[in-house]
Amino acid sequence: DLIKERRIEHQMAVVHLRNLLMSSANDDRNKTQFILPTKCFSQSIALLTCRSLTCQVSDFCKESKKRKLMPHYIPSWLRGDSQPAINNGIDDDIYWFLRSYRNAFDCQLADAIFDIMMGILLDRVRSSNSTSEQLLILLQQTIYHEREFSQIDHIRRAKQVLQPDQQATVSFVGSCLGAIEADALLICLVCKIAEELSTTSQASALCGIYSHLATDVLDNIMVLPKWPDLFFSVIVRLRGEGHLASLLNEGGVLDNFDWCEPWKQGISLLRHDIMADLTEAENNLRNAQRDVMQFHQHYRACPHCRGLFGVDQRNCGQFTCGRDAHGVGGGPAVGGQAVRETFGCGQTFSIDQSLPYNQSRQHTEDQAALQQLSGEYERKKNIFDEFNNGAALRMRATQFDVPSMSFHVRRELLDGIFPSANLIDIMPEEESNPGTRLLIGILDYLPNLEHLSYLPYMVEFYVFVHKTFRHMVTKEQAMNTKVENIMDEHLLTNRFGSIDCANLQHVWSKVVKGVNAFLDANDSVVNWNCEEVNVPFRDITTCSLMSILSEMEHPTEGHDYLFLIINELVLRYNNFVKSVGAITNSDNGELYEEEIHPRTLVCASKGSIIVNCAVSNTQSLIDTLVESYWMKEERNFNTESLTKAISYDMEMIGRLPPIKAPLIFLRERFDFRGCSLSIINSEDTSDACFCSTDGRFFARHEDLSLYEEVKESAMKHGFSQGNSNIRHTMVVTFQNFSHDAWTNLLEGLRNILGHLQRSEFLRGDAQFGRAVINASAIPTLQAVGFPALDGTQSNFLNSITKNEVL
């Protein structure tokens with residue numbers, strides 16, 4: 001009702017209504033397969049919406065009870081002064097569909113529904129890589145079902161609406177929603193043909209087995225006002241007028257269409273070099289504009305000398321003009337290398353003090369170059385127009401006003417079928433507006449959140465590897481073993497059991513996906529402070545175990561690539577939360593007593609929940625807000641209201657705590673197994689291990705002594721090497737034991753054996769734990785030094801027999 005009464009802005013109405021209609025569309029197939037919008041709408045909301053629409057034409061014949069015409073929705077930007085009747089002499093489905101092409105819906109609700117359907121269709125075309133031929137087949141099927149819809153079907157569906165069956169699927173064929181959907185599909189098809197002609201000079205619908213049907217559609221629709229303007233405007237916007245001329249020229253794809261004659265008058269007389277010159281000028285100007293756009297996105301200017309510099313990574317946020325912020329050995333450096341000569345003015349500043357690209361010296365030079373290229377383009381274009389009698393028509397296509405159907409924070413390199421509206425391009429750049437600067441800061445951080453959802457998995461995998469393989473592998477083994485080999489399902493099952501193996505495999509799959517995606521997005525470069533570190537692999541499954549171990553004192557001295565990625569993701573999270581806190585006036589950590597310890601970021605922990613709270617749906621939330629505050633009539637964003645909305649909706653994120661420095665609280669230097677296999681008496685045992693009398697290896701001499709002492713005492717009490725089948729059960733039961741816990745367990749066993757006399761109470765089949773307690777009159781094993789045990793561990797020790805102790 002609010003939409004129908006025009007009490008809500010158009011784009012806000014589109015967002016709210018789409019959220020309602022798509023509330024049950026959770027099937028992932030909807031994102032990769034081309035499915036019509038009504039197929040994924042919430043049926044109850046769609047029925048209510050359909051009943052609220054009013055069609056201004058009667059589409060059923062009273063005598064035959066059949067559908068005599070198709071009602072249409074024509075968007076305001078495509079409506080002409082008159083809509084001539086179409087008659088190709090053949091009463092086929094296309095003629096039936098278009099013979100009464102007049103707008104039958106005149107309300108804001110219909111406008112909102114059409115924009116929703118166009119947005120969904122364009123998104124599905126892009127995500128599913130649908131071709132114009134596929135859209136043509138879908139349109140043919142849609143028109144056929146609409147024409148076959150009878151008044152009896154209409155009555156039957158009306159009863160279904162009054163008495164809905166929750167289990168039945170409602171079809172919207174013959175409804176107002178179905179009519180709007182068919183018209184949106186027709187527009188999408190025509191624009192897709194134009195896009196394919198722009199990119200490949202061929203359209204699948206015009207050269208496949210259904211080419212006659214595509215020709216029929218174009219011949220019928222292009223006689224209507226504004227449709228040729230829409231068609232040619234897509235080609236001009238994506239490739240320019242030179243490419244359009246080549247399509248219309250003799251031998252071009254559009255040469256044989258009668259409706260193209262007014263557009264190609266005089267083009268066949270043009271010399272080839274004139275078209276080539278225009279195309280070259282267009283490409284030069286387009287490439288220069290793309291470069292300037294890249295400078296707008298990734299470059300800032302020194303506030304002192306206005307020299308230009310690229311921002312690869314914010315890190316500490318401090319910059320020195322013309323050199324690295326921290327230098328090398330107390331002297332200037334560029335790219336981590338010491339230099340004698342200096343660049344820039346050498347003054348320091350923070351990133352918040354830097355100026356946008358358009359206030360740099362380079363901007364003035366670039367604008368001059370752009371003006372020169374633009375002037376050259378205009379000159380070649382004027383020459384082209386002098387030889388072309390269809391210049392007025394091309395101008396009409398160039399100036400044809402196609403509304404934006406997608407809304408983004410920043411410009412995509414290439415527009416789609418329809419142009420997109422981009423917030424960064426329209427944002428005011430007044431330095432005196434702190435709210436605008438902070439909003440731009442948040443928007444700049446959004447691309448850095450892409451891989452943060454994988455951070456808990458990376459931390460858990462890092463801890464797992466360093467805890468599990470410590471003192472177990474030599475440096476040579478780590479260099480020659482691939483990471484994917486240590487995560488083999490069979491090996492993990494034997495070591496940890498099937499349940500824990502399944503969890504480790506899940507963590508590993510997420511790590512592979514996250515690390516590889518990070519490396520692809522960053523060209524295999526990770527940053528540490530102001531230093532770039534090149535990662536020598538693009539796929540973590542193919543790298544060696546050594547590549548992810550913290551082998552040296554400092555992360556940049558050795559391999560340690562997994563930790564470097566974790567550290568950069570933590571920095572991105574901290575910077576984002578801090579930036580959000582600034583715009584929302586929130587104090588970071590207000591909800592929590594202390595910062596997040598990085599080791600609590602493992603999956604399903606409190607730390608991981610906090611991080612996911614910050615990153616989950618942040619991009620979609622921002623995109624939704626950006627779209628909601630698009631003003632259709634003004635063709636601009638309401639940045640003031642948008643800033644307030646973001647401040648309100650993201651206040652919770654601004655109150656989240658930062659993560660403690662991973663270098664201090666997460667990283668642990670990996671301990672390799674030494675190369676020596678015998679006991680050595682040297683005080684320097686950092687590169688050696690100790691071998692027991694039965695061939696077992698120990699990293700510490702005191703651990704070996706304790707082991708030998710307990711073993712000797714057990715042998716004196718008649719214990720012998722017995723059943724080894726319980727080894728796997730023991731490993732699974734005590735896999736979470738720390739070094740100290742194992743030490744306490746052996747010390748407790750030594751204490752018991754030292755006070756017991758050799759007697760018959762320990763028969764070979766006697767339960768060891770219970771027998772010890774009964775014989776020693778102690779309440780629990782913990783009373784004699786054993787570590788704290790959970791129920792499973794306590795039951796295990798109590799149930800083993802004498803011959804299973806060793």
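Based on this model, can you work out whether R495 counts as surrounded by fewer than 18 Cβ atoms within 10 Å (Cβ to Cβ) and not in a helix (DSSP H, G or I)? Can you show your working first?
On the way: surrounded by fewer than 18 Cβ atoms within 10 Å (Cβ to Cβ): yes; not in a helix (DSSP H, G or I): no.
When the stated conditions are applied, R495 does not pass them.
Looking only at segment 499-509, decide whether some residue is open to solvent by less than 20 Å² (accessible area, probe 1.4 Å) and under 24 Å from A661 (Cβ atoms).
First pass over segment 499-509, keeping only residues open to solvent by less than 20 Å² (accessible area, probe 1.4 Å): 501, 507.
Subsequent filtering for residues that are under 24 Å from A661 (Cβ atoms) retains 507.
Checked against the condition, which is being open to solvent by less than 20 Å² (accessible area, probe 1.4 Å) and under 24 Å from A661 (Cβ atoms), segment 499-509 yields at least one hit.
In segment 104-136, what residues are within 19 Å of V14 (Cβ to Cβ) and among the polar types (S, T, N, Q)? Can you show your working first?
To start, the set of residues in segment 104-136 that are within 19 Å of V14 (Cβ to Cβ) comprises 105-126.
Matches in segment 104-136: Q108 only.
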Any residue in segment 259-271 that is of a type in the set (A, V, I, L, M), out of contact with any helix residue (DSSP H, G or I) (no Cβ under 8 Å at 6 or more places or on another chain), modelled with pLDDT under 90 and part of a helix (DSSP H, G or I)?
yes
Taking the condition at pLDDT below 70, open to solvent by 30 Å² or more (accessible area, probe 1.4 Å) and in contact with a helix residue (DSSP H, G or I) (Cβ under 8 Å, 6 or more places away or on another chain), does E429 pass?
yes
Tally of residues being modelled with pLDDT under 70, among the polar types (S, T, N, Q) and on the phi < 0 side of the Ramachandran plot across segment 582-615
3
Go over the candidates F105, F114 one by one and state the one that is at pLDDT 90 or above, of a type outside the set (S, T, Y) and closer than 16 Å to A179 by Cα.
F114
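Listed residues F461, F349; which is open to solvent by less than 60 Å² (accessible area, probe 1.4 Å), modelled with pLDDT of 80 or more, more than 30 Å from V234 (Cβ to Cβ) and under 26 Å from the mean Cα position of the chain (by Cα)?
Working: F349 fails: under 26 Å from the mean Cα position of the chain (by Cα).
Exactly one residue qualifies, and that residue is F461.
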Residues satisfying the stated conditions in segment 183-233, i.e. without any contact (Cβ under 8 Å) to a residue 24 or more places away in the chain and over 18 Å from W96 (Cβ atoms)
T200, C207, I209, S211
Over segment 338-349, the set of residues part of a loop (DSSP other than H, G, I, E, B) and either of a type outside the set (D, E) or in contact (Cβ under 8 Å) with a residue 60 or more places away in the chain (or both) is V339, R340, T342, F343, G344, C345, G346, Q347
Assess whether E489 counts as being under 20 Å from P662 (Cβ atoms) and open to solvent by 20 Å² or more (accessible area, probe 1.4 Å).
no
What is the one condition in (1) open to solvent by less than 50 Å² (accessible area, probe 1.4 Å); (2) modelled with pLDDT of 75 or more; (3) of a type outside the set (G, A, S) that T618 does not satisfy?
(2)
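Could you say which residue among A281, A325, A288 is closer than 30 Å to F576 by Cα, touching a residue at least 12 places away in the same chain (Cβ under 8 Å) and surrounded by 14 or more Cβ atoms within 10 Å (Cβ to Cβ)?
Working: A281 fails: closer than 30 Å to F576 by Cα; A288 fails: closer than 30 Å to F576 by Cα.
After applying the criteria, what remains is A325.
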Working only within segment 209-257, note down all residues that are open to solvent by 60 Å² or more (accessible area, probe 1.4 Å), touching a helix residue (DSSP H, G or I) at 6+ places or on another chain (Cβ under 7 Å) and on the phi < 0 side of the Ramachandran plot.
Y210, D219, V223, R239, E250
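Of D671, D684, which residue is over 19 Å from L455 (Cα atoms) and at pLDDT 75 or above? Even if it seems obvious, please write down each step before you answer.
Values: D684 fails: at pLDDT 75 or above.
Sole residue among the options that is over 19 Å from L455 (Cα atoms) and at pLDDT 75 or above: D671.
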Qualifying positions in segment 776-790 - loosely packed, with under 12 Cβ neighbours inside 10 Å and at pLDDT 80 or above:
A788, D790
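Report, by residue number, each residue of segment 292-316 that is touching a strand residue (DSSP E or B) at 6+ places or on another chain (Cβ under 6 Å) and at pLDDT below 75.
At the first step, the residues of segment 292-316 found to be touching a strand residue (DSSP E or B) at 6+ places or on another chain (Cβ under 6 Å) are 298-299, 301, 303, 308, 310-311, 313.
Scanning segment 292-316 gives V311, Q313.
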For segment 206-250, which residues satisfy the criterion of being within 32 Å of the chain's Cα centre (by Cα) and over 19 Å from D385 (Cα atoms)?
V234, L238
Here the qualifying pairs (Cβ atoms under 6 Å; residues six or more apart or on different chains; first in segment 350-369 and under 14 Å from V311 (Cα atoms); second modelled with pLDDT of 80 or more and open to solvent by less than 20 Å² (accessible area, probe 1.4 Å)) come out as L355/A301
Residue match in segment 274-288 (condition: in contact with a helix residue (DSSP H, G or I) (Cβ under 7 Å, 6 or more places away or on another chain), under 15 Å from K380 (Cβ atoms) and modelled with pLDDT under 80)
yes
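For every residue, the table says whether it meets (1) open to solvent by less than 60 Å² (accessible area, probe 1.4 Å); (2) in a loop (DSSP other than H, G, I, E, B); (3) closer than 29 Å to F464 by Cα; (4) at pLDDT below 75.
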residue: F737; (1), (2), (3), (4): yes, yes, yes, no
residue: N744; (1), (2), (3), (4): yes, no, yes, no
residue: L749; (1), (2), (3), (4): yes, no, yes, no
residue: G764; (1), (2), (3), (4): yes, yes, no, yes
residue: N774; (1), (2), (3), (4): no, no, no, yes
residue: T792; (1), (2), (3), (4): no, no, yes, no
Has segment 699-711 got any residue that is at pLDDT 80 or above and under 50 Å from the mean Cα position of the chain (by Cα)?
yes
Number of the exception - T474 against (1) touching a Phe, Trp or Tyr at 6+ places or on another chain (Cβ under 8 Å); (2) of a type in the set (S, T, Y); (3) under 25 Å from I610 (Cα atoms); (4) surrounded by fewer than 18 Cβ atoms within 10 Å (Cβ to Cβ):
(3)
For segment 541-580, enumerate the residues that are touching a residue at least 60 places away in the same chain (Cβ under 8 Å), assigned to a helix (DSSP H, G or I) and not hydrophobic (A, V, I, L, M, F, W, C).
T542, S547, N567, E568, R572, Y573, N574, N575, K578, S579
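The values are calculated or read from the model by the stated rules, or taken from the named source; none is laboratory data. All values derive from a computational prediction rather than experimental measurement. As a convention, Cβ positions derive from the backbone with ideal geometry for all residues, glycine included, and neighbour counts pool all protein chains shown. The accessibility values were calculated without ligands, DNA or RNA, using every heavy atom of the protein model including side chains. Shrake-Rupley method; radii C 1.70, N 1.55, O 1.52, S 1.80 Å.
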